[in-house]
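Asker: Here it is, the structure in full.
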Amino acid sequence: MNSRRYTLVQAASLVVAAAMLLALPGCTKKSSAQTFAPVDLQVDVKAPFRFIAYGDTRFHDPKDTDAANPLVRVALVQAIAEANPAFVCFTGDIVYNGYDKDDWKVWDSETSGWREKKIPIYPTLGNHDLHGKEEVALGNYFQRFPELNNSRYYSLRAANALVLVLDSSLDEDSGPQGQWLADKLNHVPADVDFVFLMFHHPPYTSSSDDRKYGGGHSARPHEQALAKILQDRQAHARFRIVVFSGHVHNYERHEHGGVTYFVSGGGAAHAYPIERAADDPFQSKEVNYHYLLVEVDQKQLKVTMNRLDLTSGKAVWTQPDSVKISVPAAAAAHAAGH
């Protein structure tokens, strides 16, 4: 074999080897992205109905109090069960470590009361839910939520509301997920009054990576870009857009361009105070363990923050923030005229 032929054989072998390597799962960044049609779920309710939104629970060994406050977590789960919501929406970081089967067993045990009451649970992935080897973490996650059919992002229809659940570990404003979201927003059914978006990382927060009070996260560019898209949409929409996120271990509410943004990360991960901006609609220097009660009616909804304080050793419940949100005035006037 002459040297030129030998070189060609070597080159061909390298091409084949590279192709085989790229075909292996996990070898490229794109391998972790969703490549099939997301599910479209439906819950059988009629307006008015109520659901719960909250997150950052970090289910984990209750003896390990470094990960979260287990007493807060249990009290919130019990209170949610007693509220009898139509369903529960999770803003992510369900468990402390997504790869850890024992963390998921704590989830199974501590939320058994929800399953006894047949309360549906619709989650979004948080960064902790993806800890460890991704396929292992996702395997634990989808085992608990088989109705998702391995969809990392998906939609849920509930009466006059449409819930669009995103995975903020993937691009929300571009790529397959961004295209899916754009298509969903382009084809919102005529009888939908409210479009809820749910994903882990918040587009707006007065928290900061500077961690002035020992904890915090700044808003990231992709979520900020998504917020701009949503606000441009809201300017011409007949429905109202509302966003639920977590990641920041406290409660926040922000209003931008007709879109209301809730940060609900007070599910038991250790909460921290926030240096709130002067124009933040909700002001508080406290840590706020909580869940959100969302009451949906025709053309209007009400969101109430239910705060839990266990510092005295006894559960003290308050409702320091509540807001009513209506469909855009033009849409409401058009509906009234018919």
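Asker: Can you order the peptides 172-182, 251-261 by their average number of other Cβ atoms within 10 Å per residue, highest first?
Answerer: Descending mean neighbour count gives 251-261, 172-182.
Asker: Let me ask something else. Going by the alpha-carbon gyration tensor, a ≥ b ≥ c the square roots of its eigenvalues, is the stretch 218-338 rounded (a/c under 1.5) or, if a/c is not under 1.5, prolate (a/b greater than b/c) versus oblate?
Answerer: Oblate.
Asker: Rounded, prolate or oblate: which fits the stretch 159-203 when a ≥ b ≥ c are the square roots of the eigenvalues of the alpha-carbon gyration tensor, with rounded for a/c under 1.5 and prolate only if a/b beats b/c?
Answerer: Cα axes put the stretch 159-203 in the oblate bin.
Asker: Also, quick follow-up: How much net charge surrounds LYS101 when only the other residues with a Cβ under 13 Å from the Cβ of LYS101 are counted, with Lys and Arg +1 and Asp and Glu -1?
Answerer: Combined, the nearby Lys, Arg, Asp and Glu give -2.
Asker: Provide the per-residue ³J(HN,Hα) series for the stretch 234-249, in order, calculated from phi with Karplus coefficients 6.51, -1.76, 1.60 and θ = phi - 60°, each as a whole number of Hz, with x at glycine and proline positions.
Answerer: 4, 4, 10, 8, 8, 10, 9, 9, 10, 10, 10, 9, x, 6, 7, 7
Asker: In Å², and per residue, what accessible area does the stretch 249-338 have when probed at 1.4 Å with the other protein chains present?
Answerer: That works out to 46 Å² for each residue.
Asker: So between ILE121 and PHE142, what do we pick up on full extension, going 0.36 nm a residue minus the alpha carbon distance?
Answerer: 6.3 nm
Asker: HN-Hα J couplings of the stretch 67-81 from phi, Karplus 6.51/-1.76/1.60, θ = phi - 60°, integer Hz, Gly and Pro as x?
Answerer: My calculation for the stretch 67-81 gives 6, 6, 9, x, 5, 4, 4, 5, 5, 5, 4, 5, 5, 5, 4 Hz in order.
Asker: Carbon-plus-sulfur fraction of the accessible area of the stretch 258-312, 1.4 Å probe, in percent?
Answerer: The C+S portion of the solvent-accessible surface of the stretch 258-312 is 47 percent.
Asker: Still on this model: The stretch 27-126: which trypsin sites (Lys or Arg not before Pro) are DSSP loop and have at most 13 other beta-carbon atoms within 10 angstrom?
Answerer: Passing both the DSSP loop test and the Cβ count: LYS46, LYS63, LYS117, LYS118.
Asker: Using the heavy atoms of the protein chains alone and a 1.4 angstrom probe, what is the accessible area of the stretch 110-185 per residue in square angstrom?
Answerer: Accessible area per residue, the stretch 110-185: 37 Å².
Asker: Separate question: Under the Karplus relation 6.51 cos²θ - 1.76 cosθ + 1.60, θ = phi - 60°, what is the ordered set of whole-Hz ³J(HN,Hα) values for the stretch 303-319, x standing for Gly and Pro?
Answerer: Once rounded to whole Hz, the list reads 10, 10, 8, 9, 9, 10, 10, 10, 5, 7, x, 10, 6, 10, 9, 9, 10.
Asker: Right, next: Residue separation times 0.36 nm, minus the C-alpha to C-alpha distance between LYS314 and GLN224: what's the value?
Answerer: 28.5 nm
Asker: Here's something else I'd like to know. Just to confirm the filter: which trypsin sites (Lys or Arg not before Pro) across the stretch 128-213 are DSSP coil and have at most 15 other Cβ within 10 angstrom of their Cβ?
Answerer: Hits after loop and neighbour filter: LYS133, ARG211, LYS212.
Asker: Taking a 23 Å limit on the Cα-Cα distance, which of the listed pairs LYS46/LYS324; LYS63/LYS105; LYS133/LYS184; LYS46/LYS118; LYS101/LYS314; LYS63/LYS101 fall beyond it?
Answerer: Flagged as over cut-off: LYS133/LYS184; LYS101/LYS314.
Asker: Let me make sure I get this right: for the stretch 99-193, a, b and c are the square roots of the gyration tensor eigenvalues over alpha carbons, sorted descending. Under 1.5 in a/c it's rounded, otherwise prolate if a/b > b/c, else oblate. Which is it?
Answerer: Verdict is oblate for the stretch 99-193.
The values are calculated or read from the model by the stated rules, or taken from the named source; none is laboratory data. Here the structure is a predicted model, which means the values were calculated and not measured. Note: ideal-geometry Cβ built from the backbone for every residue, glycine included; neighbour counts use all protein chains shown. All accessible areas refer to the heavy atoms of the entire protein, side chains included, with ligands and DNA or RNA removed. Shrake-Rupley method; radii C 1.70, N 1.55, O 1.52, S 1.80 Å.
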